[in-house]
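J.: Starting off with a structure, shown below.
We did not get these values from a lab; they are worked out from the coordinates using the rules stated. Everything quoted here is computed from the prediction, not taken from an experiment. A quick note on method: Cβ atoms are made from the backbone with ideal geometry, for glycine too, and the neighbour counts reach across all protein chains shown.
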Amino acid sequence: MRHFFERFSQARSRKVRVLHLGDSHVHYDLQTRLIRERIADIWGNGGIGWLVPYSIAHTHGTVDYRSSHRGVWQSALITKYNPTFPLGSSGVTVYTEDPQASFIIQMQKGSYAPSHRKLRIFCRADSSSFDILVKTSPVAAPIHLRPVPGKPYVETVLPVFDGYIEVQVNKSRASQHFFECYGLWLESVEDKGVVYSSAGVNGASVGSWAKESLLAEEMAILQPDLVVLDVGINDFYLSNYFDRNSMRRQLVSLIERIREQSPGTVILLVSPQDAYRYRRNVSACRDYAALLKEIAQTYHCAFYDYYHVSGGQYSMMRWLQSGLAKRDRIHLTDAGYTVKGELYVNAFLNSMVMALSVEQLATLTWQQAGDTLKETMVLPPKKEESTYQKAFYTASEETPAHTYTVRKGDSLGKIAQLYGVSIADLQRWNGLPNYFIYPGQKLMVYSKHQPSATVPAKHYVQRGDTLWSIARRYGVSVEYLKKINGLQSDALRVGTYLKIRP
């Protein structure tokens, strides 16, 4: 992982690609969108990665974009027992013989950047393939693309990008009679930043991803720096059992297929969260986490033990009671996926801190950003060292010290905001090597600002806020906030006020 983190830390001058494969938890994309945003805030947004016309496959879209289509289409998903068409790492293939067919991808505001103009359309290319017309608005002049036999994609740089992509087929020769598309890959035109692409399909299992016939070919083209395998619970959710040897063979085969065409790719295995089926705990989650750990050690993969990070066996009930899980006790609420994403980002950044050398970390500074668990890595100003030393000694010599006792649910970010200081300040003053604190721990805080004991009447909703984070901050429950604000869901609108007390 050290070599990977070294490459990742250079993402402001060299593009880094991450492919996060999974099931319904990844398909929804709320967790992975948060990860994408957090990483983009640090290293720059290198692009979106996979875009899929899910409407053709008769399944829901993601939180970042919606799709629509016209004409007669067919589709295949990795979850089908015997897919009609070959499949790649997007998990979906669409096919048409209708010369008037088209589909539209419409991005949500804030989920893309104008620099995301490098477009690849992965498709089957031979003499019978339709030509392709691409438009960046309903009234824009189309860009004419023709698949080249032997090349698995067509490519163009869009003149502008405002979140709209329309793909039309065009029959320009009598020999053309079909279009088979495996997904759109969208990046920025600059060779920098991080492309954090998610590809999830509802109901996907390890076996589903293992059947991708185009996986090796796409790995050779994309050359991802990191592939996240965040899948597995659908292999044993119904039966609460899996054959250990069979599962091991499928996972190892998938790992080897990725490495065969992209030997420099780091593979991260992620264990699924605790779950219930009706009233029965799915204890196989625990056994699967143990298997993933064993495979990671044997085949030199990275391993994120989210099963235990999120609480381990029976912990799903606590997530449900806290308003973080849905009643099916397998899927999470929006607040829950936000917490899951924050935990992933924190684990990623902490691992980077431990992997990189002191010399490499010396060129980076961690700063708190808002009332979330987010920390942002930025390049320091030229005279950062002397400025840092002056600020430190001024604070410690002229400002009285306060002693803060860590309580359950506290984070360094929360305490830093409480006193109007930075996370880096708290770490320096208390000799903390990372972000881990525990209830009962005493922290020294040098600040003239004393936290107010009075709970405000309302809270201004900022980007990154969730009902769960706001409830925890003010010591109330999610249900209480929803009740006094008349909320029917967990969704919040940035720029509005939320009542904290009647």
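J.: Once every DSSP H run of n ≥ 4 in the chain is given -39500 (n - 2.57) and the sum is divided by its residues, what mean residue ellipticity at 222 nm do you get, rounded to the nearest 500 deg cm²/dmol?
T.: It comes out at -9000 deg cm²/dmol, rounded to the nearest 500.
J.: Relative contact order of the chain, please, whole-number percent, based on alpha carbon pairs below 8 angstrom and at least 6 residues apart.
T.: 14
J.: By DSSP, what percent of the beta bridges with both residues in the chain are antiparallel, rounded to the nearest 5?
T.: Roughly 70 percent of the beta bridges in the chain run antiparallel, per DSSP.
J.: Can you tell me the length gained on complete extension of the stretch D162 to T403, counting 0.36 nm per residue apart and subtracting the Cα distance?
T.: Extra length from D162 to T403 when fully extended: 81.7 nm.
J.: Quick one: if you stick a label point 7 Å off each Cα along the C-beta vector at K171 and R493, how many nm between them?
T.: Modelled inter-label distance: 4.8 nm.
J.: On to the next question. Mind sorting D410, D425 by how few other Cβ atoms lie within 10 Å of their own Cβ, fewest first?
T.: Least crowded to most crowded, the residues run D410, D425.
J.: Which translational diffusion coefficient, to the nearest whole µm²/s, is obtained for the range 458-499 from the Stokes-Einstein equation, given a Kirkwood hydrodynamic radius over C-alpha pairs, 10 °C and 1.306 mPa s?
T.: In µm²/s, the coefficient is 156.
J.: Would you mind checking the range 87-131 for residues with the amide N under 14 Å from a putative spin-label position 7 Å along Cα→C-beta of F178?
T.: 87, 93-99, 123-130
J.: When we measure straight from the Cα of K15, which aspartates and glutamates land under 12 angstrom away, once same-chain ones fewer than 8 places off are left out?
T.: E187, E190, D191, D225
J.: Convert 4 °C to kelvin, take the viscosity as 1.567 mPa s, use the Kirkwood radius over C-alpha pairs of the chain as Rh, and evaluate the Stokes-Einstein diffusion coefficient in µm²/s, rounded to a whole number.
T.: 53
J.: Compute the distance in nm between two label points, each set 7 Å from the Cα along the Cα-to-Cβ direction, one at S239 and one at Y474.
T.: Taking the two extended label points, one gets 4.9 nm.
J.: Rounded to whole Å, give me the distance from the Cα center of the range 99-127 to that of the range 1-73.
T.: 14
J.: Can I ask one more? In nm, to one decimal, how far is the modelled label at Y81 from the one at R146, with both set 7 Å along Cα→Cβ?
T.: So the label points at Y81 and R146 sit 4.4 nm apart.
J.: Neighbour counts of other C-beta atoms within 10 Å: give me E97, E342 arranged from fewest to most.
T.: Arranged by neighbour count, lowest to highest, E97, E342 become E97, E342.
J.: Order of 35-48, 287-300 by packing, highest average Cβ count within 10 Å first?
T.: Highest mean packing first, the order is 35-48, 287-300.
J.: What aspartates and glutamates sit close enough to K171 to cross-link, taking a C-alpha to C-alpha distance under 16 Å and skipping anything fewer than 8 places away on the same chain?
T.: Filter leaves E97, D98, D126, D131, E180.
J.: Moving to a separate point now. Give the peptides 483-490, 457-464 in descending order of average Cβ contacts within 10 Å, highest first.
T.: 457-464, 483-490
J.: Structure shown: which of K340/K414; K109/K483; K118/K211 lie over 24 Å apart, alpha-carbon to alpha-carbon?
T.: K109/K483; K118/K211
J.: How much length would be gained if the chain were fully extended between M1 and Y299, taking 0.36 nm per residue of separation minus their Cα-Cα distance, in nm to one decimal?
T.: Gain on stretching M1 to Y299: 106.0 nm.
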